[in-house]
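Asks: Take a look at the following structure, please.
Derivation of every value follows stated rules applied to the coordinates shown; laboratory data play no part. All values reported here derive from a predicted model rather than from experimental measurement. Methodologically, a virtual Cβ is constructed for each residue, glycine included, from the backbone with ideal geometry; neighbour enumeration extends over all protein chains shown.
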Amino acid sequence: MNTVLILSGGVGSRVNSDIPKQYIDINGHMMISRCIEAVLKCSHIDCIHITAAKDWQEAIKADAKELIGDDFLRRFRGFSVPGENRQLSIYNGLKDIASYSSDDDIVIVHDAARPLVSEKLLTECIEACEEHDGVMPALPMKDTVYMSENGKTISSLLERSKIYAGQAPEAFRLGMYLRAIEALLPEKILKINGSSEPAIMYGMDIAIIKGDEGNFKITTDNDLKRYKDLIEKQRN
């Protein structure tokens, strides 16, 4: 079984909004609903599970049902509450997913703030994960990359050809990934930023596949404007 865990617990502090960015109305529906719609276009996805604050859960269900209809109701499995940081939110979601899944099932971790994920990228993640313990889409660095120890002067030059920028969705074998996260509890988990970090630290075999520049994360006001412009263009 292939389950997408959609993370929707962040506050989006870099976007100028009274509500978290994933709940901003985009042409009549919340951003997270647009993300769910994009995910469910992939026929390889059996179900979705969402990590979101309790205050937003009913609104998410109602909006997604209105936008997507019966397909959302058929493939939605439940909510989990957010954790202290992103990785603990993932952990909470994985524990709930494990209650109705097996160790060898695939879980795909995705962000509600990446609503332009394509069916192609989700399919490629799943196919790669069938041959590996996990997979991360990544884009090569376009700019020269430097290391600075103090943030004021250049310490060293990094080899750009070996540096990649990771993206979500990231796919993992559920049981092994859950154990990788539990190995970092209770304190080390608080220092984790990327979904694949616990897997790599645990020694899991993580493949890299080509990322998608169109699958950008909405982090700033400029990102939000870019996304709204794309949605308006598609509608017209």
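Asks: What Kirkwood hydrodynamic radius do you get for the range 1-98 when you take the inverse of the mean 1/r over all pairs of distinct Cα atoms, in Å?
Replies: 13.7
Asks: Return the long-range amide H neighbours of G78 (sequence gap of 5 or more, or a different chain), with a cut-off of under 5 Å between placed amide H atoms.
Replies: Excluding prolines and chain starts, which carry no amide H, the hits are I50.
Asks: Expressed in nm to one decimal, what extension gain is obtained for the pair N85 and E58 from 0.36 nm per residue of sequence separation less their Cα-Cα distance?
Replies: 7.5 nm
Asks: Sticking with this one: Can you list the HN-Hα couplings for the range 67-72, worked out from phi with the Karplus curve (6.51, -1.76, 1.60; θ = phi - 60°), rounded to whole Hz and with x for Gly and Pro?
Replies: With coefficients 6.51, -1.76 and 1.60, one gets 6, 9, x, 4, 5, 5 Hz.
Asks: Distance check, please: which entries in K152/K191; K21/K217; K54/K188 exceed 19 angstrom between their Cα atoms?
Replies: Too far apart for the 19 Å limit: K152/K191; K54/K188.
Asks: Along the Cα→Cβ direction, 7 angstrom out, place labels at E66 and K188. What is the inter-label distance in nm?
Replies: 4.6
Asks: Tell me, what ³J(HN,Hα) does each residue in the range 178-187 have, in order and in whole Hz, if you take phi through Karplus 6.51 cos²θ - 1.76 cosθ + 1.60 with θ = phi - 60° and put x for Gly and Pro?
Replies: In residue order, the calculated couplings are 4, 5, 4, 5, 4, 5, 9, 6, x, 9 Hz.
Asks: Here's something else I'd like to know. Could you go through the range 131-147 in sequence order and give the Karplus-derived ³J(HN,Hα) for each residue, using 6.51 cos²θ - 1.76 cosθ + 1.60 with θ = phi - 60°, rounded to whole Hz, and x for Gly and Pro?
Replies: 10, 9, 6, x, 8, 10, x, 8, 10, x, 6, 8, 9, 5, 10, 10, 9
Asks: Running a GNM on the chain with Cα contacts under 10 Å, which residue among Y23, Y164, Y177 ends up with the highest mean-square fluctuation?
Replies: Y164
Asks: Then there is this: Just need the relative contact order of the chain here, percent rounded to a whole number, with Cα pairs under 8 Å and 6+ apart.
Replies: Relative CO of the chain lands at 24 percent.
Asks: If r is the Cβ-Cβ distance from K142 to K233 and R0 is 30 Å, what FRET efficiency results, to the nearest 0.05?
Replies: Efficiency, rounded to the nearest 0.05: 0.75.
Asks: Suppose only helical runs count, i.e. DSSP H with n ≥ 4. What mean residue ellipticity at 222 nm does that imply for the chain under -39500 (n - 2.57) per run, divided by all residues and rounded to the nearest 500 deg cm²/dmol?
Replies: Roughly -10500 deg cm²/dmol at 222 nm, from the helical runs in the chain.
Asks: Reachable lysines from K233, Cα under 17 Å, same-chain residues fewer than 8 places away excluded?
Replies: Those lysines meeting the cut-off are K225.
Asks: Which translational diffusion coefficient, to the nearest whole µm²/s, is obtained for the chain from the Stokes-Einstein equation, given a Kirkwood hydrodynamic radius over C-alpha pairs, 4 °C and 1.567 mPa s?
Replies: Taking Rh from Cα pairs, D becomes 70 µm²/s.
Asks: How far apart, in nanometres, would the label points at S118 and N222 be if each is projected 7 angstrom from Cα along the Cα-to-Cβ direction?
Replies: Between S118 and N222, the simple spin-label model gives 2.4 nm.
Asks: Under a point spin-label approximation (7 Å from Cα along Cα-to-Cβ), what is the H44-A98 distance to one decimal in nm?
Replies: Rounded to a tenth, the inter-label distance reads 2.5 nm.
Asks: To the nearest µm²/s, what D does Stokes-Einstein give for the range 59-173 at 37 °C and 0.692 mPa s, using the Kirkwood radius over alpha carbon pairs as Rh?
Replies: Translational D for this selection: 191 µm²/s.
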